[in-house]
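What follows is one structure encoded as structure tokens, with my remarks underneath.
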Amino acid sequence: MEIVFATNNINKLKEVNEIAEGSGISFILPPEGFNPEETGSTFAENSYIKAAAAAKLSGKVSLADDSGLCVEALNGAPGLYSARYAETRTLRIERLLKELSNISNRNAQFICCMTLVSPDGQVLNRTTGFCKGHITNAPHGNNGFGYDPVFVPENYNITIAEMNETDKNNISHRGNALRQMINYILNTNL
Ligand code: IMP
């Protein structure tokens, strides 16, 4: 079964298809022209905006995620603004480490909210995944994307950027949210 995954990010599409491997579901990109404005004030709202835009454009059931890094000592920042925290990936990490430079509480979590939407804009299901851990003092590793080089998951002593894809997907917020969504899809007549 094919489901539209509301993103223009090929790496994200690759990641969700790896997580979905063996389920019988494969995710495909939305049609050209998909470029919604993420104007929501929660992860749930933004994931709905993206999924509804892709469902309208494709005429097919569509899934979207919205995710971010929430740091306890920064009252949940960068959160919804994780992708826009600074101009480049390196600057985003630098800003985060600077904001935490004199702070001993390094607790943080990645959050991923997924929304499945029908072509007429109805929410069919919503799931949320978490990945708890802490922020390092300096970046380590080259794998993954975003804040992976400064995030050590609970029960690990390496950053996500030092892990392989399979290990990341087994514990990640996105893996967690997507496995719940796949269960729903497989147990429902869409
Ligand atoms: P979006 O869900 O595509 O809007 O992305 C949100 C932003 O959160 C990304 O651009 C990253 O900065 C950050 N982020 C979300 N998931 C991850 C992850 O798995 N690793 C590292 N950073 C992430």
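Computed from the coordinates by the stated procedures, all read-outs in this text should not be read as laboratory data. Note that the structure is a prediction, hence the values are computed from the model and not measured.
When the Kirkwood hydrodynamic radius is evaluated over all pairs of different C-alpha atoms of region 116-155, what value in angstrom, to one decimal, is obtained?
Working: mean 1/r = 0.0771 Å⁻¹.
Computed over Cα pairs of region 116-155, the Kirkwood hydrodynamic radius comes out at 13.0 Å.
Thinking of region 22-142 as a set of Cα atoms, what percent of all their pairs are more than 26 Å apart?
Details: 2354 of 7260 pairs.
That tail contains 32 percent of the Cα-Cα pairs.
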The rounded separation in angstrom of the Cα centers of region 21-37 and region 133-189 is 20 Å
Listed by chain and number, the lysines with an alpha carbon less than 28 angstrom from that of LYS56, same-chain partners under 8 positions apart left out, are LYS12, LYS14
Restricted to the chain, the DSSP antiparallel beta bridge percent, nearest 5, is 85 percent
Partner aspartates and glutamates whose C-alpha sits under 13 Å from that of LYS50, ignoring same-chain residues fewer than 8 away, are GLU37, GLU38, ASP65, ASP66
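Taking 8 Å as the Cα distance limit and 6 or more residues as the minimum spacing, I'd like the relative contact order of the chain as a percentage.
Numbers: 382 pairs, mean separation 36.0, N = 190.
The normalised contact order for the chain reaches 19 percent.
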Eigenvalues of the alpha-carbon gyration tensor of region 112-190, times 5 and square-rooted, give semi-axes in Å, largest first, of 31, 12, 10
